[in-house]
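Reviewing the structure listed below.
The values are calculated or read from the model by the stated rules, or taken from the named source; none is laboratory data. Source: prediction; values computed, not measured. Backbone-built Cβ (ideal geometry, glycine too); neighbour counts: all protein chains shown.
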Amino acid sequence: MKRLATLLLAAAACLAVPAAAQEINYTAAETLQLPRDTFFGAVAGVATNSKGHVFVYSRTGTPVATLGGARPFVRGGSVLTEFDGNGKYVRSVGKNLYGALAAAAVRVDRNDNVWIVDAYSGMVIKFDPQLRILLMLGRKPESVEVPAQPNMGRAPAGAPPASGMQADLFEGPTDVAWDNDGNIFVADGTGNARVAKFTRDGVFVKSWGSRGSAEGQFKAAQSIALDAAGNVYVADRGNNRIQVFDNNGAFKSSITTAGNPQAICISPGAHQYLFASNSNPANDIDAGGEIYRLELNGTVTGRFGRAGLPIREFNGVNAIDCRTANQLYVAEMGNWRVQKVTLH
């Protein structure tokens, strides 16, 4: 009888750990080579282009304020850095860029244009592959006539809390993504709690979301990605879920199998995977930290990593680049680095 009870307990334990959640074998390394005596600071974003070049958007902690009219004007504070396919330093921009204050994300679109998202300036900036500015969405608060926009960054009268303006006025934007037609989707994300949609030319279309925990609401719209069908995936950090919407913002489903996601990415190709980071909180480097690989329906196919300081561990993951499903770049706010991760 005792032996039978032991066998039954062992079987129950096996059933409690789904095979899909098993650990993925992986290797990791720091491959990016900064100039001597230069450091990233908190790394908010990482992205790659079609040539294998790597772009990193990080917070340097050196903003500069100057007086102009009735307000101080602040610039700098974050830097966009480019590396070639071998990790060799190419160049940096942003040291004196008006909209580069507190890096939130960097993404590269299908035409190798580079986009940065800045949390403090409230701007999304598009560069061409040579890092020349092409388009800007959002406006720094200091550049807006406050009396003319009394609700800027807050919900208009009668709107749900933190639903934002129906415009390109962001408060705490966190990420950007595109569909196959080039339409732009911005996660506007921590000050507001919404997703804003624009045409490929930057014309505002609509936005959806507000502060809350119901379907279509967000605690924080922290990261955003689109699949090949144009569905929109939003990491709702604080509500422990990834919400899925159609291209026009209609709620479709909620994925709750990846912890409390802060960074998400969808790989290209015929079989797309959703990667999501259960990033540890800033005040606890021992909690969570693992990265999940999921099917687009939320089924977990594996996980890797944990919170910590050494290579192969993660601290404050804020972005994942998954241009290929087996080779990722992971940006860490807490460890001030980017790890190149290879899944085996």
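Any residue that is in a loop (DSSP other than H, G, I, E, B), under 15 Å from Leu294 (Cα atoms) and of a type outside the set (Asp, Glu) - is there at least one of those in region 216-230? Scanning region 216-230, I find no residue that is in a loop (DSSP other than H, G, I, E, B), under 15 Å from Leu294 (Cα atoms) and of a type outside the set (Asp, Glu), so the answer is no. The residue of region 50-77 that is surrounded by the fewest Cβ atoms within 10 Å (Cβ to Cβ), among those that are polar (S, T, N, Q) and modelled with pLDDT of 95 or more, is Ser50. Looking only at residues that are in contact with a strand residue (DSSP E or B) (Cβ under 6 Å, 6 or more places away or on another chain) and part of a loop (DSSP other than H, G, I, E, B) in region 313-327, which one is surrounded by the most Cβ atoms within 10 Å (Cβ to Cβ)? Only one residue tops the list, namely Gly316.
Counting only residues that are in a strand (DSSP E or B) and of a type outside the set (Ser, Thr, Tyr), which one in region 286-305 is surrounded by the most Cβ atoms within 10 Å (Cβ to Cβ)?
Applying the first criterion (in a strand (DSSP E or B)) to region 286-305 yields 291-294, 300-304.
Subset that is of a type outside the set (Ser, Thr, Tyr): 291, 293-294, 300, 302-304.
Numbers: Ile291: 28, Arg293: 22, Leu294: 22, Val300: 19, Gly302: 18, Arg303: 20, Phe304: 19.
Among those that are in a strand (DSSP E or B) and of a type outside the set (Ser, Thr, Tyr), it is Ile291.
State yes or no: is Thr190 part of a loop (DSSP other than H, G, I, E, B) and in contact (Cβ under 8 Å) with a residue 60 or more places away in the chain? For Thr190, the condition - part of a loop (DSSP other than H, G, I, E, B) and in contact (Cβ under 8 Å) with a residue 60 or more places away in the chain - is met. Flag set for Thr299, criterion: touching a helix residue (DSSP H, G or I) at 6+ places or on another chain (Cβ under 7 Å), of a type outside the set (Lys, Arg) and over 20 Å from Gly238 (Cα atoms). The criterion of at least 1 residues that are of a type in the set (Phe, Trp, Tyr), touching a strand residue (DSSP E or B) at 6+ places or on another chain (Cβ under 9 Å) and within 21 Å of Ser223 (Cβ to Cβ) is met, among strands (runs of 3 or more DSSP E) falling completely within region 104-146, by 114-118, 123-127.
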